Amino acid sequence: ISEMRKKREELEKRFQCDILLFPFLQLEISSTDIRKRIIEGKSVRYMIPDEVLAYITREHLYEKH
């Protein structure tokens, strides 16, 4: 986090602006896990963008044969 604060200060000085940092939950997500969840019919919502899920669904990727 200290690296992030240093970078913020550097950018604030450089661009003469205020930058806000927001905490967030960092998730470890693997493509293998996403494929497995799709195959098992489990939700991958919030793990990948809606457009990507739409493409996977439209192209029938990762479906059981």
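The values are calculated or read from the model by the stated rules, or taken from the named source; none is laboratory data. For clarity, every value in this text was computed on a predicted model and none was experimentally measured. Positions of Cβ are backbone-derived with ideal geometry, glycine not excepted, and every protein chain shown enters the neighbour counts. Quick note on the areas: whole protein, heavy atoms, side chains included, nothing else; ligands and nucleic acids left out. Shrake-Rupley method; radii C 1.70, N 1.55, O 1.52, S 1.80 Å.
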>> Against the conditions (1) modelled with pLDDT under 90; (2) in contact with a helix residue (DSSP H, G or I) (Cβ under 7 Å, 6 or more places away or on another chain); (3) at negative phi, where does residue 62 fall short? Just the number, please.
In response: (3)
> Restricting attention to segment 45-64, does a residue exist that is among the aliphatic types (A, V, I, L, M) and in contact with a Leu (Cβ under 7 Å, 6 or more places away or on another chain)?
Replying inline: no
> Under the condition of being aromatic (Phe, Trp, Tyr) and assigned to a loop (DSSP other than H, G, I, E, B), which residue from segment 24-65 is least open to solvent (accessible area, probe 1.4 Å)?
Replying inline: 62
> How do the pairs read when you match residues in segment 19-37 that are in contact (Cβ under 8 Å) with a residue 24 or more places away in the chain with residues anywhere that are of a type outside the set (Gly, Ala, Ser) and surrounded by 10 or more Cβ atoms within 10 Å (Cβ to Cβ), using Cβ under 6 Å and keeping only pairs 6 or more apart or on different chains?
Replying inline: 35/62
> Would it be correct to say that residue 21 is surrounded by fewer than 12 Cβ atoms within 10 Å (Cβ to Cβ) and of a type in the set (A, V, I, L, M, F, W, C)?
Replying inline: yes
> Does residue 19 satisfy the criteria of being out of contact with any Gly (no Cβ under 8 Å at 6 or more places or on another chain) and outside any helix (DSSP H, G or I)?
Replying inline: yes
>> Restricting to segment 1-18, give me the number of residues that are open to solvent by 100 Å² or more (accessible area, probe 1.4 Å) and polar (S, T, N, Q).
In response: 1
